[in-house]
1. Of these, C:217, C:123, C:148, which one is within 23 Å of residue A:108 (Cα to Cα), buried (at least 24 other Cβ atoms within 10 Å of the Cβ) and of a type in the set (A, V, I, L, M)?
2. Mind telling me which of the residues A:160, A:152 ends up being buried (at least 23 other Cβ atoms within 10 Å of the Cβ), hydroxyl-bearing (Ser, Thr, Tyr) and on the phi < 0 side of the Ramachandran plot?
3. Only one of (1) within 11 Å of chain C (Cβ to nearest Cβ); (2) farther than 25 Å from residue A:184 by Cα; (3) more than 22 Å from the chain's Cα centre (by Cα) is not met by residue A:126, so which one is it?
4. Would you confirm whether any residue within region B:166-179 is at the interface with chain C (Cβ under 8 Å from one of its Cβ atoms), over 20 Å from the mean Cα position of the chain (by Cα) and in a helix (DSSP H, G or I)?
5. Filter region C:148-181 for residues that are among the polar types (S, T, N, Q) and either in a helix (DSSP H, G or I) or touching a strand residue (DSSP E or B) at 6+ places or on another chain (Cβ under 7 Å) (or both) and give the result.
6. I'd like to check something: does region C:36-57 contain any residue that is surrounded by fewer than 19 Cβ atoms within 10 Å (Cβ to Cβ), within 18 Å of the chain's Cα centre (by Cα) and farther than 20 Å from residue C:188 by Cβ?
7. Can you say whether residue C:92 is at pLDDT 85 or above, out of contact with any Ser or Thr (no Cβ under 7 Å at 6 or more places or on another chain) and either within 14 Å of another protein chain (Cβ to nearest Cβ) or not in a helix (DSSP H, G or I) (or both), as far as the supplied structure shows?
8. Determine the pairs where a residue that is more than 14 Å from every other protein chain (Cβ to nearest Cβ), located within region C:23-44, has a partner that is hydroxyl-bearing (Ser, Thr, Tyr) with Cβ atoms under 8 Å apart, the partner being 6 or more residues away or on another chain.
Amino acid sequence: MQPLANVTPFKPGSRAGAIQISNVGQVFKTATQDVVALSDVSLDIKPGRFVVLVGPSGCGKSTLLMMLAGLRQQTSGTILINEAPIPQPDPNRVGVIFQEPSLFPWLTAEENVEFPLALRRIPRSDRRAKAVDALKLVGLEGFGKRHPHELSGGMKQRVSIARGLVQDPPVLLMDEPFAALDEQTRMTMGDELLRIWAATGKTVVFVTHSLTEAVYLADEVVVMSARPGRIVDHLTISLPRPRTYEMLGGETFGTLRDRIWRHIRKSA
Amino acid sequence: MAGLGMKAARVAVVVALFAIWEILSRTGIVDPRLLPSASDTLLTLVELLQRAGIRNDLAVTASEVMVAFILAVPCGALIGFAIAENRYFAEVAKPLLFFAFSIPKSIFLPMFILVFGVGFSQKVGFGFFSTIFIVIMSTTTAVESVKVEHLTVARSYGATRLQTAFRVYLPSMLPVLLEALRISMIFNLTGVILAEMYASREGIGHQIATWGENFQMKQLLAGVVMVAVIAMTFNELIRSVETRCSHWRT
Amino acid sequence: MSAATLRRLIVVSLVVLWELLPRLGVIPELFLPSLSSTIAAGWNDAGEYGHALAVTLYEVGVSMLFACGGGILAGAIVGSLPRPRVLIMPMVSSLYAVPLVILYPVFTVWLGIGSESKIAFAAIYGFLPTMLSTAAGIQTIDPQLLLAARSMGATLSQRLTRVIIPAAIPTVLSGLRVGGALVIVGVVVSEMLISSAGIGYLISRYRTILDSPHVFAGVLLVLAMAIAFNAAIKWIERKASIWQTGTREGQRAADEIQAGTIQPATA
């Protein structure tokens with residue numbers, strides 16, 4: 001993987017990409033009652049780490065991700081990204097990738113990747129160069145002129161990742177990005193993501209339902225429980241990198257997976 | 001979905017519209033000869049409904065609508081089925097039907113007068129002509145909306161043709177068909193009323209046109225309100241049945 | 001034989017039958033004048049028809065401005081604001097069941113039998129479906145696209161110009177198609193009912209004197225107008241084809257029936 005012009009490699013010791021979540025709570029007010037979605041969540045994520053959030057449905061992991069993206073504000077507590085709060089979306093600090101690729105159907109792959117740059121009125125030629133680089137990084141060189149409907153599900157999600165990377169934010173948030181893909185594509189995309197992560201040194205916060213995916217990808221797995229959403233376990237995955245398919249059958253892998261499953265079964 | 005508050009708000013909007021109408025006319029902002037007040041119009045409506053002549057007109061219009069509908073729906077449904085079930089026939093007929101569907105039917109109204117005169121058969125003929133294309137199109141859509149998986153399941157459990165028809169086709173198509181009937185009825189009613197307004201001796205459409213020509217605003221507005229209420233009530237009736245059936249489709 | 005060939009054969013034989021049946025006396029000329037005599041009638045009085053066409057086109061143009069402009073604007077507003085939408089949409093679609101043609105006599109009393117009453121009627125006639133389909137289109141914009149744009153830091157006005165408007169274009173176009181066709185119908189029908197000029201007036205006048213060829217010449221002219229309008233919209237839709245990803249012509253028409261967005265094209 002050759003280094004890219006617009007991607008600054010991760011420098012050890014830099015605070016870029018650090019995430020500090022302190023005593024965060026989220027309460028949804030409905031007509032009849034208040035629902036506590038998150039209660040007293042604290043989490044410290046070091047720059048460049050790959051952190052996976054797992055937990056049963058309704059544990060607030062997606063809500064937490066929305067707050068990290070600045071798309072939703074917490075009711076209490078503080079969230080710092082690069083040591084600053086995030087009152088609204090800031091694509092220079094955080095890139096977001098959703099479960100649905102959410103590509104604009106009327107734009108080509110390249111134009112979709114350029115979209116966040118176009119919002120900031122960056123000159124067209126710079127935009128194009130960055131988009132081409134980002135598409136190359138996700139392995140879609142030569143597909144830039146295609147429209148979303150001409151791309152497969154996996155390719156669309158790659159475009160979406162390229163769009164998240166194009167402004168080179170130190171943090172990448174991914175909300176079940178591979179959930180809609182078939183098993184094989186999902187495995188391939190996981191490996192691709194690890195490759196991109198290794199090449200760029202981003203901090204990744206990744207939400208998933210798949211325990212295998214969680215253990216396979218993560219440096220750290222954060223297990224959450226539902227009603228109210230809170231952190232019940234925080235595991236460090238000590239498996240060596242690069243991760244390989246063979247590890248899936250190994251003893252360490254099984255032990256870690258079991259430990260997460262027991263938490264989830266208990267709280268579900 | 002719509003709460004009680006929403007329903008109340010809707011009633012309030014209607015009441016407000018009638019109030020504005022009343023005020024505009026009463027205060028003379030709008031010439032009451034051009035816009036009789038809402039209360040006068042409603043009183044006229046009550047008075048009209050007591051006249052034997054008007055009730056006869058309503059009966060004539062209703063029978064024209066019913067006959068046209070009863071003729072158009074089975075014919076259209078049959079053609080629609082044939083098209084949906086036979087791929088070759090579908091390929092031949094569909095573009096032609098789309099074309100027929102997209103052209104305005106009302107300009108052919110003079111032709112119906114030339115052929116049928118201005119009597120009952122002309123209204124029924126034009127009502128039929130206005131309705132049949134939409135029935136064909138909707139039936140085709142309804143048949144095509146039957147899920148292949150359901151048919152496969154039925155067949156794999158050994159359902160006969162008749163069983164498939166009654167246990168798979170009919171229940172899956174029912175909501176779509178009801179919707180189709182509702183829209184066909186709108187087309188049908190519009191066709192018949194227009195035909196009555198254009199050339200006729202009786203029927204509520206004819207009455208409305210005559211009141212218009214004679215500048216009888218009170219009767220005219222009462223007639224408009226009457227037809228609108230009848231059409232909307234009928235529409236809502238079918239729609240409530242539709243909602244009840246809608247849980248079949250997911 | 002391929003389906004397309006058979007279809008062409010059917011169309012050709014219909015045209016031939018139109019010429020032959022009246023000529024051979026199978027159908028009386030009063031019911032259906034032959035194609036050639038219809039065209040001859042139109043040709044001989046081309047000046048009269050041309051003048052009528054100009055009147056009709058003027059009325060259609062002005063009504064379309066009101067119907068489509070107002071319909072798209074109102075639909076966009078109602079569609080993008082959830083509360084008014086829940087309040088108004090069921091009322092509007094209920095209103096849609098009313099045969100609006102009964103309003104025309106009211107307009108003739110208010111505005112006379114000149115162009116004004118036609119324009120008012122046709123504008124209202126085309127307004128409802130345009131508004132309904134625009135509102136439906138705005139509503140069906142994938143909320144995920146808006147969320148994605150927001151996560152990239154798009155401002156409110158950027159979301160409007162870069163997401164909502166482009167995403168709504170196909171629906172606006174189909175609203176234009178339905179609304180425009182209805183405006184044409186509305187103008188011609190109101191001319192047929194009561195008026196003193198326009199193609200609809202010519203059709204009605206020749207009908208009262210039982211001059212079938214002239215009636216049919218007028219009908220053909222209106223048909224040509226409707227087809228030309230349809231073709232023009234289709235051309236624009238093709239130009240914007242990127243937006244139409246994966247929707248086939250048939251499917252779209254079927255959807256419109258389902259959604260009840262087609263006002264009866266009968267009046």
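1. C:148
2. The unique qualifying residue is A:160.
3. Every listed condition holds for residue A:126 apart from (1).
4. Within region B:166-179, not a single residue is at the interface with chain C (Cβ under 8 Å from one of its Cβ atoms), over 20 Å from the mean Cα position of the chain (by Cα) and in a helix (DSSP H, G or I).
5. First, pick out the residues of region C:148-181 that are among the polar types (S, T, N, Q): C:151, C:155, C:157-158, C:161, C:171, C:174.
C:151, C:157, C:158, C:161, C:171, C:174 - these are the residues of region C:148-181 that are among the polar types (S, T, N, Q) and either in a helix (DSSP H, G or I) or touching a strand residue (DSSP E or B) at 6+ places or on another chain (Cβ under 7 Å) (or both).
6. The answer is no, given that none of the residues of region C:36-57 is surrounded by fewer than 19 Cβ atoms within 10 Å (Cβ to Cβ), within 18 Å of the chain's Cα centre (by Cα) and farther than 20 Å from residue C:188 by Cβ.
7. When the stated conditions are applied, residue C:92 does not pass them.
8. C:23/C:34; C:42/C:49
The values are calculated or read from the model by the stated rules, or taken from the named source; none is laboratory data. Quantities reported herein were computed from a predicted structural model and do not represent experimental measurements. Here the Cβ is made from the backbone with ideal geometry for all residues, glycine too, and neighbour counts use every protein chain on show.
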